[in-house]
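The values are calculated or read from the model by the stated rules, or taken from the named source; none is laboratory data. Note that the coordinates shown come from a computational prediction; the quantities given were computed from them, not determined experimentally. Because the Cβ atoms are built from the backbone with ideal geometry, glycine has one as well, and the counts that use them run over all protein chains shown.
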């Protein structure tokens, strides 16, 4: 059974290797917990700055311990289970949300010099990757776990035995499934360019001068950002928790520590999604090494800076954009993002085939663009026709109603 | 090590399968099915089929069972079913007969047939690195089995188109739009677009 291509695991596995793995696991756990704590504080503080408020400022310097205080409060609150709830599923659901959020981070390389070296670091005389695991299926693990996370949301809503959570969870799972397709297609272009599913290999393939910006950095990256935001149920795609319509969404009936677990999972997902975006599109820990004496610290620093840029923009989006309507959400996902991602994927695939066969790229691009344009025109025609028909029906029935009222 | 993983995941798969059969609540049954799917994914990992393991979870747990759950939740059949009513007459005896037949065929194929169930030699060593899973599958699917793949794609497309056609209430020239049909005095009919369906 091959789990990883990490050089650490190729040799004999003794106590030292075991301890290194243990340290990695514990470190990534602690790192995630601490960064969630800081992320909650960062989001509240930043959003209050953007809205001319002060935000949390009592617990600790600049209110930095606010999350800890909230966590302790939630921990000691009474844990309620509604009478209509399906008890085992109600208790299971928060964990189904939380566990995938943790596991995804295992495949993110957070350090290691990919530009001159092979992305390994030396620890106690062993060479190893700075990521918990580098499974051969790599980034597919991320897709698999994000499809498991849908269960947490869906079952939480259903098992509450109450209508608002059920509506919220149906909305949430429909949204997450719809956008998973666009997300997967955007990631497929990255496989195609990187030539591998493993996150380590993908980062290695990006660690040239331009991070493959031309093929993956524009169209797939933007699709990934939009679909990722929708997958996270973050604003402007937070219809799941639309307070005006759904009370609190799928976790309305949850309180105390179970609610805290959902909250934790939500923020952890923001961090892991940003980390995945950095890994897939921005070269992961790649960056110039400025001071040779502490060469190991620069990749980690670059990774953290890139991560921070994403976290900032997620908060920025929340502070800036109004929530979109449900039909707009579905239109954007199915009629714009999926065809666009698919078209770009086919274009890159055609270019790759052309390069292998030694064809000139110009006719390849021209033919592909012509085919894609024809496809897009057909799709656009279908969408327009459907819209016109629907409008005709709506207008027609309105007219009929008006006439009926007048008579 | 491999034996231990196999035993644990086999127990997970089998207990999930029994759970599907024995759970009275359809949602619980669907969750047991997910458990079974995960067990099978681990078995794939054990065979170095990492790509299949991931796809197993993405497709079966992530899409198919989610759709089951959607249907169960939206149709509101998520309460324990009354087992005294037989929905289709003669369904249960027929199910017993067919089940016994399948069990018998499988057992005889496994136990009696000479040289294994298919007669082909078993693959008991990896074909290559675990890393090139996706490449091998891609080569097999798009060279040797390309017609099967394309036919499956066509079948799925037909299924999607069929589903869309079934869902659309007002489609095609056979069903006149209520706008055209509805003069002001037949207003009552115009309100309910469903009526066009019979046409």
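Laid out as a table, the results:
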{"read-out": "Unmet requirement for residue B:172, which otherwise passes all of (1) modelled with pLDDT under 85; (2) surrounded by 10 or more Cβ atoms within 10 Å (Cβ to Cβ)", "value": "(2)"}
{"read-out": "Test: residue in the stretch B:73-81 that is within 11 Å of chain A (Cβ to nearest Cβ) and under 16 Å from the mean Cα position of the chain (by Cα)", "value": "no"}
{"read-out": "Residue check for residue A:232: out of contact with any helix residue (DSSP H, G or I) (no Cβ under 8 Å at 6 or more places or on another chain) and more than 24 Å from residue A:353 (Cα to Cα)", "value": "no"}
{"read-out": "Residue that is farthest from residue B:141 (Cα to Cα) [pool: residues in the stretch B:7-41 that are surrounded by fewer than 19 Cβ atoms within 10 Å (Cβ to Cβ) and at the interface with chain A (Cβ under 10 Å from one of its Cβ atoms)]", "value": "B:25"}
{"read-out": "Residues located in the stretch A:196-239, provided they are away from chain B (no Cβ under 14 Å), crowded, with 23+ Cβ neighbours inside 10 Å, part of a helix (DSSP H, G or I) and within 16 Å of the chain's Cα centre (by Cα)", "value": "A:220, A:223, A:224, A:227, A:228, A:230"}
{"read-out": "Wholly enclosed helices (runs of 4 or more DSSP H) of the stretch B:1-57 bearing at least 3 residues touching a residue at least 60 places away in the same chain (Cβ under 8 Å) and under 27 Å from residue B:136 (Cα atoms)", "value": "B:50-55"}
{"read-out": "Positions within the stretch A:372-383 being touching a helix residue (DSSP H, G or I) at 6+ places or on another chain (Cβ under 8 Å) and over 13 Å from residue A:344 (Cβ atoms), in sequence order", "value": "A:379, A:383"}
{"read-out": "Single residue of the stretch A:63-87 satisfying the filter (surrounded by 13 or more Cβ atoms within 10 Å (Cβ to Cβ) and assigned to a helix (DSSP H, G or I)) that is modelled with the lowest pLDDT", "value": "A:63"}
{"read-out": "Flag if residue A:386 is closer than 20 Å to residue A:342 by Cβ, at pLDDT 85 or above and part of a helix (DSSP H, G or I)", "value": "no"}
{"read-out": "Conditions (1) within 14 Å of chain B (Cβ to nearest Cβ); (2) touching a helix residue (DSSP H, G or I) at 6+ places or on another chain (Cβ under 6 Å); (3) crowded, with 21+ Cβ neighbours inside 10 Å; number of the one not met by residue A:251", "value": "(1)"}
{"read-out": "Enumeration of residues in the stretch B:145-159 that are assigned to a helix (DSSP H, G or I) and at pLDDT below 90", "value": "none"}
{"read-out": "Of all residues in the stretch B:90-115 being modelled with pLDDT under 80 and in a helix (DSSP H, G or I), the one that is surrounded by the fewest Cβ atoms within 10 Å (Cβ to Cβ)", "value": "B:111"}
{"read-out": "Residue among A:149, A:186, A:181 that is surrounded by fewer than 20 Cβ atoms within 10 Å (Cβ to Cβ) and under 19 Å from the mean Cα position of the chain (by Cα)", "value": "A:181"}
{"read-out": "Which numbered condition residue A:35 fails, given (1) away from chain B (no Cβ under 14 Å); (2) surrounded by fewer than 16 Cβ atoms within 10 Å (Cβ to Cβ)", "value": "(2)"}
